[in-house]
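Asks: Before I ask anything, here is the structure I am working with.
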Amino acid sequence: MYQFCITIHGVRHCFEVPLLIDRSLIKKPPPSNYPPFELAATVLELVDVVGPSDFSNELAALATRFIANVQKGLPNGVELTKSQAAAAAV
């Protein structure tokens, strides 16, 4: 968690910056999963929620390239697509 701190008349005041996610809900994936892919997919979902900005556009571009590389490495007959439920929620 990040916080902004300022000293006023010798007294330090700190204000926590709220996050977009609740860290207590994040569970580390089991070893059989692919955490880098899950992170890339999560980044794209967060960018959809936050909306466009220079920073979110750069994150989205990086995550999209990573997912494209995952798709290229899949064996014949295996396809990676965004689920219809996720697409409908956007």
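Every read-out reported here was derived from the displayed coordinates using simple, explicitly stated rules and does not represent laboratory data. Please read these numbers as outputs of a predicted model, since none were measured by experiment. FYI the Cβ positions are ideal-geometry reconstructions off the backbone, even for glycines, and counts take in every protein chain you see.
Asks: Over all pairs of distinct alpha carbons, what does the Kirkwood formula give as the hydrodynamic radius of the chain, in Å?
Replies: For the chain, the Kirkwood estimate is 16.2 Å.
Asks: Right, here's the next one. Can you tell me the Rg and the Dmax, both Å, for the Cα atoms in region 14-55?
Replies: So, for region 14-55, Rg and Dmax equal 13.0, 41 Å respectively.
Asks: Of the peptides 36-49, 67-80, how do they stack up when ordered by the mean number of other Cβ atoms within 10 Å, highest first?
Replies: 36-49, 67-80
Asks: Please identify the trypsin sites (Lys or Arg not before Pro) of region 1-52 that satisfy two criteria: DSSP loop assignment and at most 12 other Cβ atoms within 10 Å. Which are they?
Replies: For trypsin sites (Lys or Arg not before Pro) across region 1-52 that sit outside H, G, I, E and B with at most 12 neighbouring Cβ atoms in 10 Å, the list reads 27.
Asks: Dipole of region 24-89, Cα-centred, from +1 at each Lys and Arg C-beta and -1 at each Asp and Glu C-beta, to the nearest 20 debye?
Replies: With Lys and Arg at +1 and Asp and Glu at -1, about 240 debye.
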